[in-house]
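Only one structure is covered here, and it is reproduced in the block below.
A short reminder: the numbers here are calculations on the coordinates, not readings from a lab. Since the model is a prediction, treat every value here as computed from it, not as a measurement. Please note: Cβ atoms are built from the backbone with ideal geometry, for glycine as well, and neighbour counts cover all protein chains shown.
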Amino acid sequence: MAEVFNLWEGKIPYYTEGEIPVLTYYKTSVKLGRGTVIICPGGGYSGRAPHEGRGYAEFLNCKGLDAFVLDYRVAPNRYPAALSDARRAIRFVRHNAEKFGIDPDKIAIMGSSAGGHLAAHAATYVGELEEECMDEIDRESYIPNGQILCYPVIDKDGHLGSYKNLLGDRADELAASVTPTNLASDKTPPAFIWHTADDSVVDVRNTYRYVTRLRELSIPTELHVFPFGRHGLGLANTPNSAAPHVMPWSELMTKWLELYGFFH
């Protein structure tokens, strides 16, 4: 059974209104590796899609890995609330790694669509946030050991609506400062990314721009672009999102996790 944890007890950084951020732990019944994945569902920073959260977690459980789904804050909460949630989730899992039977150096962050922006943002942003360093958990590193991005929003041109929900009236002013392509550095972890070429919601070219920047930085990156497939396919295996030619992405991701030692 899934177990839910509050990311903070007491004061929540950057809290304005609505739900509090929580992390749901999906424990595999047969653990085949000590790596884990923290999952950020998509939803345009206005909601969170269950099939891109629980659906992925249950898939990873079937492969023998524990997983976590992050209910991060969305609009009307604004930046940096969601980033703070993602960084706290990484720190929380790392701080409690022994309790969960997880390798603290094998924590990947995963996201779809706007959740992909959050995952890439957490993987590339290396500055401090004003309301961090509140307790012992915040002493842990917030940098993940890998990033898994599914049809991600990367920049404003990829999906303007997500940026507006994230930044509000300051979207034009702040967009460049929260774009992972601009933030990537030699500290950025390896990436696994997939998209579809004809995605009509999030332009695949924003993924190409990010991958180009990662290549310039010599960050190991695995990219799969499938020729057809609507936005939001998730595992691409349900009646409403069946796309047999896209479905192999999840097995390719599993092999990528194997490559980086998540099954050790």
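Which residue fluctuates most in the GNM of the chain (Cα springs below 10 Å): Y45, Y72, Y26?
Fluctuation is largest for Y26.
Express the relative contact order of the chain as a whole percentage, based on alpha carbon pairs under 8 Å and six or more residues apart in sequence.
Relative contact order, the chain: 18 percent.
Using a Gaussian network model of the chain whose springs link C-alpha atoms within less than 10 Å, name the residue from A81, A176, A89 with the highest mean-square fluctuation.
A176
Of T28, I12, Q147, which is farthest towards the positive pole of region 3-259's charge dipole, taken about the Cα centre with +1 and -1 on the beta-carbons of Lys, Arg and Asp, Glu respectively?
Positive-end residue among those listed: T28.
Please report how far the C-alpha centroid of region 9-63 lies from that of region 147-189, rounded to the nearest whole angstrom.
Cα centres, region 9-63 to region 147-189: 20 Å.
Would you mind working out the magnitude of the charge dipole of the chain relative to its Cα centre, with +1 at each Lys and Arg C-beta and -1 at each Asp and Glu C-beta, to the nearest 20 Debye?
500 debye
Counting other C-beta atoms within 10 Å, which of F192, F100 has the fewest, and how do the rest follow?
Least crowded to most crowded, the residues run F100, F192.
Write out the trypsin sites (Lys or Arg not before Pro) in region 123-207 meeting two conditions: DSSP loop, and at most 16 other Cβ atoms within 10 Å of their Cβ.
Hits after loop and neighbour filter: K187.
Using only the Cα atoms of the chain, construct the convex hull and provide its projected area averaged over every direction, in square nanometres to one decimal.
If you wrap the Cα atoms of the chain in a convex hull and average its projections, you get 12.9 nm².
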